[in-house]
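Here's the structure we're looking at; comments come further down.
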Amino acid sequence: MSRVVHPIEQESFRRLRARLDTSGLPPLTRAVVERVIHSAADLEYADDLVMTEEDLVTAHAALHAGAPVVVDVEMVAAGITRRETVCRLRDAVAGDGLTRSAHAVRLAYEQVGPGALWVIGCAPTALEELLTLDASPALVIGLPVGFVGAAESKAALRESGLPAVSNVSEKGGSAVAAAALNALLYHPISAEENQ
C-alpha cells in the first residue's frame, strides 16, 4: 500500500530543502535527516545526527522483513504510523537500582529477543539498559532527550559499535525518534532488498 503524502507535508519538505541542501546525502541517511528535521523544525539536526548508510540499509531490510519494533514510551509508539510496536513501560516497575524505563527494556527484550529495532526517544536509562543486554539489535534509534544522561547515553551507544542512529547533543525526544523510524518505514524497498 503506497503512502499518500498530504500537500502540507509536501510543502514543508520543499521549504526544508530550500533552506538545507541534503541532495549529497546517501538515500536512507537523507530520509532520516530530513524526517527528523521536519518533525522538530530544527535544521541543527543536520550536523547533530550520527549514523551510517550501511547500518540504515541493513535496518531498512530487517524492518521491511518484519523485525519487531520496540519503543521506550507510548509517545514514541504513537508517532510510528505504519507498524505495531512493543512497549512494556506499563508493565515495568522501578526497583533494585532500575528505573521503570530500564525494567521495561528488560521486559521487552525477554519478549522479542535479538534482531529488533529499538526506538528510544525519552529515557536515557532505557538506552543505558539496552546497552547492558546482548540484544543484537538490527538498529538502535537512540535519541533520548534531557539534561541528565541523554548526551552521555548516546555517546555510550556510539562507542558500543551497535548499528545506530543517535545525536551528539542533549536534544532528542519522542517525536524525533519516531520520525527516524518512520523515515525507514516510508522509504521504498530497493530492488536489492527484494532479492
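Details
- Helix-only CD estimate at 222 nm, as mean residue ellipticity for the chain, using -39500 (n - 2.57) per DSSP H run (n ≥ 4): -14500 deg cm²/dmol
- Whether the stretch 92-151 is rounded, prolate or oblate, judged on the alpha carbon gyration tensor where a/c under 1.5 counts as rounded: oblate
- Ratio Rg/Rh, restricted to the chain and using Cα atoms, in which Rh is the Kirkwood radius: 0.96
- For residue 65 and residue 152, the difference between the fully extended length at 0.36 nm per residue and the C-alpha to C-alpha distance is 28.1 nm.
- Highest mean packing comes first when the peptides 82-94, 145-157, 13-25 are listed by Cβ atoms within 10 Å, giving 145-157, 82-94, 13-25.
- Added length on full extension, which subtracts the Cα-Cα distance from 0.36 nm per residue, residue 41 to residue 132: 29.4 nm
- Modelled spin labels at residue 90 and residue 170, positioned 7 Å past Cα toward Cβ, are 3.2 nm from each other.
- Within the shell defined by Cβ-Cβ distances under 9 Å, the residues around residue 102 carry a net charge of 0, with Lys and Arg each +1 and Asp and Glu each -1.
- The slack between residue 74 and residue 12, meaning 0.36 nm per residue of separation minus the straight C-alpha distance, is 19.7 nm.
- Solvent-accessible area per residue, Å², over the chain with all protein chains present [probe radius 1.4 Å]: 50
- Residues 134, 96 ordered from highest to lowest accessible area at a 1.4 Å probe: 96, 134.
- Portion, in percent, of the accessible area of the chain that falls on carbon or sulfur, probe 1.4 Å: 54
The values are calculated or read from the model by the stated rules, or taken from the named source; none is laboratory data. Bear in mind the structure is a predicted one, so any value in this text is a computation, not a measurement. Using ideal geometry, Cβ is built from the backbone for each residue, glycine included, and neighbour counts are taken over all protein chains shown. Heads up: the accessible areas ignore ligands, DNA and RNA and are worked out on the full protein's heavy atoms, side chains in. Shrake-Rupley method; radii C 1.70, N 1.55, O 1.52, S 1.80 Å.
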